[in-house]
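Shown next, in structure tokens, is the structure this report addresses.
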Amino acid sequence: MTPFLKMHGLGNDFVVFDARNKPVSLGREQARAIADRRLGIGCDQVIVIDKATNGADAVMRIFNADGGEVESCGNAARCVARLLMDETGRREVRIETEGGPLVCADAAGLVTVDMGTPRFDWRQIPLADKVETTEFRLEVDGHAFDAAVVNVGNPHCVLFVRESPDDLVRSAGPRIEHDPMFPERTNVEFVQISGNDQLRLRVWERGTGVTLACGTGACAAMAAAHRRGLCGTRAEIVLDGGPLTMEWQGGDTHIFMTGPTALVYRGEIDLAGLA
């Protein structure tokens with residue numbers, strides 16, 4: 001039997017395995033079975049913590065609910081950072097991900113993650129064709145969206161909407177995720193500007209679907225809004241699971257995300273039996 005932790009950040013939930021002392025063999029089919037909310041444990045992402053070889057405190061691998069391995073996850077980074085800080089007694093840790101290094105620090109019980117520098121070149125997203133990434137028109141099934149794109153360790157398409165996005169998230173979200181414009185698929189954010197540096201955000205996550213929160217999605221939404229002058233250098237991003245605080249000075253500076261973490265329970269699972 002293999003031990004695991006069930007954790008979440010604002011309802012974006014994870015099954016976390018620690019492979020630093022004992023290897024955890026996890027493939028696409030096993031990750032998908034674990035994430036299944038009826039037949040498995042149930043989660044948005046499966047996380048594996050492994051030893052780092054470059055001076056970082058740990059490596060974090062991320063599997064979406066469809067079993068695909070992805071580059072970065074902000075809410076999971078906070079959860080893993082909280083585990084590492086509680087374990088070591090330190091107030092700052094560094095986590096390596098496929099999307100780049102994440103430096104995380106304690107913030108009066110919350111966790112702040114340095115998510116690095118947002119990237120806006122169309123080739124860095126990546127996109128199939130060149131567009132003005134700050135603002136362009138995206139047409140999907142007869143609906144024209146006011147869109148922006150950004151990479152914050154993984155690709156995001158940010159849509160600024162006036163009406164409630166509740167229906168659009170499930171109808172347009174999967175269509176945009178798989179649009180040919182995004183050769184590596186994309187996360188999709190539906191953003192309403194609430195004013196006073198507050199953004200209301202709903203997310204369709206690549207490989208997972210609708211989630212209660214998305215840390216990288218909040219980073220992407222804030223960066224896209226700030227580039228348009230729709231918010232200042234500090235903003236509150238209100239997701240279905242609650243608020244995250246974002247800070248970004250613009251340009252080539254790093255973007256910082258602050259939010260809570262929660263340990264729900266500990267358990268064991270027969271990984272071999274999942275095959």
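The values are calculated or read from the model by the stated rules, or taken from the named source; none is laboratory data. Please read these numbers as outputs of a predicted model, since none were measured by experiment. We place every Cβ from the backbone using ideal geometry, glycine too, and count neighbours over all the protein chains shown. Calculation scope for accessible area: heavy atoms of the full protein, side chains included, ligands and nucleic acids excluded. Shrake-Rupley method; radii C 1.70, N 1.55, O 1.52, S 1.80 Å.
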key: Subset of region 132-142 [farther than 23 Å from THR253 by Cα, free of Cβ contacts under 8 Å to residues at least 24 places away in the same chain and surrounded by 13 or more Cβ atoms within 10 Å (Cβ to Cβ)]   = PHE136
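In a strand (DSSP E or B), of a type outside the set (Lys, Arg) and either in contact (Cβ under 8 Å) with a residue 12 or more places away in the chain or on the phi > 0 side of the Ramachandran plot (or both): does that describe VAL80?
Considered against the rule, which asks whether it is in a strand (DSSP E or B), of a type outside the set (Lys, Arg) and either in contact (Cβ under 8 Å) with a residue 12 or more places away in the chain or on the phi > 0 side of the Ramachandran plot (or both), VAL80 comes out as no.
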inquiry  = Within region 60-71, does at least one residue satisfy the condition of being more than 23 Å from PRO155 (Cβ to Cβ) and aliphatic (A, V, I, L, M)?
reply    = no
task = Return the residue satisfying two criteria in turn: it lies in region 234-275 and is more than 17 Å from VAL111 (Cα to Cα) and among the charged types (D, E, K, R), and of such residues it is surrounded by the most Cβ atoms within 10 Å (Cβ to Cβ).
result = ASP240
inquiry  = Being free of Cβ contacts under 8 Å to residues at least 60 places away in the same chain and buried (at least 18 other Cβ atoms within 10 Å of the Cβ) is the filter here; which residues of region 36-55 pass it?
reply    = CYS43, VAL46, ILE47, VAL48, ILE49
query = Which residue pairs have Cβ atoms under 9 Å apart, sit 6 or more places apart or on different chains, and have a first residue in region 261-272 that is closer than 20 Å to SER25 by Cβ and a second that is in a helix (DSSP H, G or I)?
reply = ILE269/ILE34; LEU271/GLN30; LEU271/ILE34
task = May I ask you to verify whether LEU102 is touching a residue at least 24 places away in the same chain (Cβ under 8 Å), open to solvent by less than 30 Å² (accessible area, probe 1.4 Å) and not in a loop (DSSP other than H, G, I, E, B)?
result = yes
note = If you go through VAL48, VAL80, the only one that is farther than 17 Å from ILE255 by Cβ and in contact with a Cys (Cβ under 9 Å, 6 or more places away or on another chain) is VAL80
query = Among the residues of region 158-167, is any open to solvent by less than 30 Å² (accessible area, probe 1.4 Å) and either touching a Cys at 6+ places or on another chain (Cβ under 9 Å) or closer than 21 Å to GLY116 by Cβ (or both)?
reply = yes
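Would you confirm whether any residue within region 200-222 is among the basic types (Lys, Arg), touching a residue at least 40 places away in the same chain (Cβ under 8 Å), surrounded by fewer than 18 Cβ atoms within 10 Å (Cβ to Cβ) and not in a helix (DSSP H, G or I)?
Checked region 200-222: no residue is among the basic types (Lys, Arg), touching a residue at least 40 places away in the same chain (Cβ under 8 Å), surrounded by fewer than 18 Cβ atoms within 10 Å (Cβ to Cβ) and not in a helix (DSSP H, G or I).
From the list PHE63, PHE120, PHE145, pick out the single residue that is in contact (Cβ under 8 Å) with a residue 24 or more places away in the chain, of a type outside the set (Lys, Arg) and open to solvent by 20 Å² or more (accessible area, probe 1.4 Å).
The conditions single out PHE120.
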